[in-house]
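K.L.:
Please read through the structure below; I'll follow up with questions.
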Amino acid sequence: MIWFHCTSAWAQGDISIVAGISNYQGELASYSTANGFKAKIGPVLGIHAGYEMSSRFQLRSDLLYLRLSGDDLLNEREITRSRNLNFFSPVIQLAGGMDWNILGFSQKSTKSFSPYVSIGASIFYMNPMTTYEGKKVALHPLGTEGQYLSDYPDQKPYSLFQPSIQIGGGLKLFTSGKMIIALETMMSYTFTDYIDDVSTIYISYDELLAKSGPLTAALANRQGEYLNSEPVVVSTGTKRGNSATNDFFGTITIRLGIPIEITSNQFKVRHKNGKTIHCPKF
């Protein structure tokens, strides 16, 4: 006896390159409007992959490199400018989520343009740094707020790997040249207040000098550099940041991609010996 069985599976997705700009929001200023608009804008580069569940919903994943920075010198308040802290940080972000295509979007139909809303989550790596005496210095190992001093058990070291919740959206277009273009804005709301290495309190200069060394003492309080004076000594426990709010960052990107199809066919002809023949592909 001979019988036939043929199956077919189809999936639609896309692979894209990503480029754009990034901006951070936290304790340190990242923009100023006092004397014309100035902003700390960093690059964004990466790759994106999408999987179409339907014309309305698409799973997504992104691997991005971006750079965040902030500087008290951009603050419009003199008292904050004199704090004189600054930072920059490379960020590597792995994200996953889902797009809701409001009008529907599919390369297999006439639905080739749509605004969309995106939600998701990410894990990212950060490494806050600053420049001191012409050299780049990583801030995390220093413990600028007493993180490595046994006298302050509540000042715990922060992790360089952090999660975030993502909310964003944009516009998608499928061109006649078989390319996918997406213009997107995405916000990443983090669970850390230490992207900029600033969150809680000062430890006095003399105490840090004695227990953590001159580099930590110099970078924990940089008011003396601003005033062109000797190091400014403030008492331990003086407010340095605002731990009640976490840092966050945003990106504006453009994606250029190509659609990817996955198809499979099987055509089985079964005899007594169980011989199998593959389906022809059309």
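The values are calculated or read from the model by the stated rules, or taken from the named source; none is laboratory data. Quantities reported herein were computed from a predicted structural model and do not represent experimental measurements. Cβ atoms come from the backbone with ideal geometry, glycine included; neighbour counts cover every protein chain shown.
K.L.:
Can you tell me which residue within the range 126-153, out of those that are surrounded by 15 or more Cβ atoms within 10 Å (Cβ to Cβ) and at positive phi, is nearest to the chain's Cα centre (by Cα)?
P.N.:
Among them, the one singled out is Gly143.
K.L.:
Same structure again: Which one of Gly177, Gly170 is in contact with a Leu (Cβ under 7 Å, 6 or more places away or on another chain) and either farther than 25 Å from Asn86 by Cα or not β-branched (Val, Ile, Thr) (or both)?
P.N.:
Gly170
K.L.:
Moving on to the next point. Ala210 fails exactly one of the following numbered conditions: (1) in contact with an Asp or Glu (Cβ under 8 Å, 6 or more places away or on another chain); (2) without any contact (Cβ under 8 Å) to a residue 12 or more places away in the chain; (3) among the aliphatic types (A, V, I, L, M). What is the number of that condition?
P.N.:
Condition (1) is where Ala210 drops out.
K.L.:
Shifting gears a bit: Of the conditions (1) without any contact (Cβ under 8 Å) to a residue 24 or more places away in the chain; (2) crowded, with 17+ Cβ neighbours inside 10 Å, Tyr202 fails just one. Which one is it?
P.N.:
Status for Tyr202: all satisfied but (1).
K.L.:
How many residues does the range 195-230 contain that are outside any helix (DSSP H, G or I), more than 32 Å from the chain's Cα centre (by Cα) and not charged (D, E, K, R)?
P.N.:
Of all residues in the range 195-230, those outside any helix (DSSP H, G or I) come to 195-204, 212-213, 221-222, 228-230.
So of that shortlist, the ones also more than 32 Å from the chain's Cα centre (by Cα) come out as 204, 213, 228-230.
Remaining after also requiring not charged (D, E, K, R): 204, 213, 228-229.
The total comes to 4.
K.L.:
Yes or no: the range 256-275 includes at least one residue that is farther than 30 Å from Ile167 by Cα, at pLDDT 95 or above and either hydroxyl-bearing (Ser, Thr, Tyr) or surrounded by fewer than 18 Cβ atoms within 10 Å (Cβ to Cβ) (or both). Write out each step before concluding.
P.N.:
Initially, the range 256-275 is screened for residues farther than 30 Å from Ile167 by Cα, giving 263-275.
In the following step, the residues that additionally are at pLDDT 95 or above were identified as none.
Looking through the range 256-275, none of the residues is farther than 30 Å from Ile167 by Cα, at pLDDT 95 or above and either hydroxyl-bearing (Ser, Thr, Tyr) or surrounded by fewer than 18 Cβ atoms within 10 Å (Cβ to Cβ) (or both).
K.L.:
Before we move on, is Gly170 of a type outside the set (A, V, I, L, M, F, W, C), out of contact with any helix residue (DSSP H, G or I) (no Cβ under 7 Å at 6 or more places or on another chain), under 30 Å from Gly97 (Cα atoms) and surrounded by 15 or more Cβ atoms within 10 Å (Cβ to Cβ)? Outline the logic, then answer.
P.N.:
On the way: of a type outside the set (A, V, I, L, M, F, W, C): yes; out of contact with any helix residue (DSSP H, G or I) (no Cβ under 7 Å at 6 or more places or on another chain): yes; under 30 Å from Gly97 (Cα atoms): yes; surrounded by 15 or more Cβ atoms within 10 Å (Cβ to Cβ): yes.
Considered against the rule, which asks whether it is of a type outside the set (A, V, I, L, M, F, W, C), out of contact with any helix residue (DSSP H, G or I) (no Cβ under 7 Å at 6 or more places or on another chain), under 30 Å from Gly97 (Cα atoms) and surrounded by 15 or more Cβ atoms within 10 Å (Cβ to Cβ), Gly170 comes out as yes.
K.L.:
Can you tell me which residues in the range 137-153 are assigned to a loop (DSSP other than H, G, I, E, B) and of a type in the set (Gly, Ala, Ser)?
P.N.:
First, pick out the residues of the range 137-153 that are assigned to a loop (DSSP other than H, G, I, E, B): 139-153.
Passing the criteria: Gly143, Gly146, Ser150.
K.L.:
Suppose we filter Ser69, Ser112, Ser122 for residues that are surrounded by fewer than 20 Cβ atoms within 10 Å (Cβ to Cβ) and hydroxyl-bearing (Ser, Thr, Tyr); which single one remains?
P.N.:
On the way: Ser69 fails: surrounded by fewer than 20 Cβ atoms within 10 Å (Cβ to Cβ); Ser122 fails: surrounded by fewer than 20 Cβ atoms within 10 Å (Cβ to Cβ).
Every option except Ser112 fails the conditions.
K.L.:
I've got another one for you. Would you call Ile79 at pLDDT below 95 and not in a loop (DSSP other than H, G, I, E, B)?
P.N.:
Numbers: at pLDDT below 95: yes; not in a loop (DSSP other than H, G, I, E, B): yes.
Here the answer is yes, as Ile79 does meet what is asked.
K.L.:
Moving on to the next point. Given the conditions (1) under 21 Å from Ile92 (Cα atoms); (2) at pLDDT below 95, and given that Lys108 satisfies all but one, which numbered condition is not satisfied?
P.N.:
Condition not satisfied by Lys108: (1).
K.L.:
Checking the structure you have, find out if any residue of the range 86-95 is touching a residue at least 60 places away in the same chain (Cβ under 8 Å), among the hydrophobic types (A, V, I, L, M, F, W, C), assigned to a strand (DSSP E or B) and closer than 18 Å to Gly257 by Cβ.
P.N.:
Yes, the conditions are met somewhere in the range 86-95.
K.L.:
I'd like to know if the range 94-102 contains one or more residues that are over 29 Å from Glu27 (Cβ atoms), crowded, with 16+ Cβ neighbours inside 10 Å and of a type in the set (Asp, Glu).
P.N.:
yes
K.L.:
For residues that are in a loop (DSSP other than H, G, I, E, B) and farther than 30 Å from Lys108 by Cα, scanning just the range 154-185, find the one that is nearest to the chain's Cα centre (by Cα).
P.N.:
Leu160
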